[in-house]
Amino acid sequence: MAPPKSKKVDGEGKGKAIANTRMLRSMDRKTRRDTKRDGSSSKLMKIESPEKKKRKTTKAKNVGAAKKKVKKEEVAVKIEKEEEEDDDAAEKEEDDDSDKKKIVIEHCKQCKSFKERANEVKEGLEEAVPGIIVTVNPDKPRRGCFEIREEGGETFISLLAMKRPFTPMKELNMEEVIADIVEKIK
């Protein structure tokens with residue numbers, strides 16, 4: 001907001017108006033021009049961040065920090081114990097899983113029809129063969145791919161590099177596919 005103009009013509013009124021504008025400016029903001037008038041250098045002032053300044057800590061704060069460290073260490077120890085127990089349980093499960101068949105279904109994420117068929121095959125195999133482990137997309141799938149294979153072994157169905165409208169996959173009768181895989185597994 002601009003300061004009010006003085007109506008007096010003599011030099012006395014002008015002086016008051018100038019003083020008023022300077023006072024208003026100093027209250028509102030300081031421009032580069034104003035800082036030069038005050039005699040300061042034209043360089044901008046460097047402001048230190050509060051992170052760089054060293055803070056004084058009191059004993060009470062140090063005690064609270066020590067308690068936090070102890071709690072963190074306790075939590076870390078608990079987590080390590082849980083991980084060890086999980087690892088032991090996982091090793092036991094792996095021993096049990098070695099006898100079970102593992103089937104991998106890899107399907108493209110380009111179209112939902114891939115996912116629907118993969119889920120249908122997974123459910124069908126789990127119902128037909130008790131104790132079978134079916135994983136869907138354990139790794140990043142290839143584009144236009146629908147593949148059903150035994151982990152580290154035989155490939156049952158492999159449709160690779162299909163392009164839209166994915167007719168080879170859509171023409172498959174999933175019930176027959178599931179029955180064929182069950183026969184080959186047993």
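Computed from the coordinates by the stated procedures, all read-outs in this text should not be read as laboratory data. Quick caveat, the model's predicted, so the values are computed rather than measured. Here Cβ is always computed from backbone atoms with ideal geometry, including for glycine, and neighbour counts include all displayed protein chains.
For region 116-154, what are the residues that are surrounded by fewer than 15 Cβ atoms within 10 Å (Cβ to Cβ) and either assigned to a loop (DSSP other than H, G, I, E, B) or basic (Lys, Arg) (or both)? Passing the criteria: Pro130, Gly131, Pro138, Asp139, Lys140, Arg142, Arg143, Glu151, Gly152, Gly153, Glu154. Out of region 156-186, which residues are among the β-branched types (Val, Ile, Thr) and assigned to a helix (DSSP H, G or I)? Thr167, Val177, Ile178, Ile181, Val182, Ile185 - these are the residues of region 156-186 that are among the β-branched types (Val, Ile, Thr) and assigned to a helix (DSSP H, G or I).
The C-beta contact set for region 119-139 (first residue touching a residue at least 40 places away in the same chain (Cβ under 8 Å), second residue surrounded by 14 or more Cβ atoms within 10 Å (Cβ to Cβ) and basic (Lys, Arg), distance under 6 angstrom, 6+ apart or interchain) comprises Ile132/Lys101.
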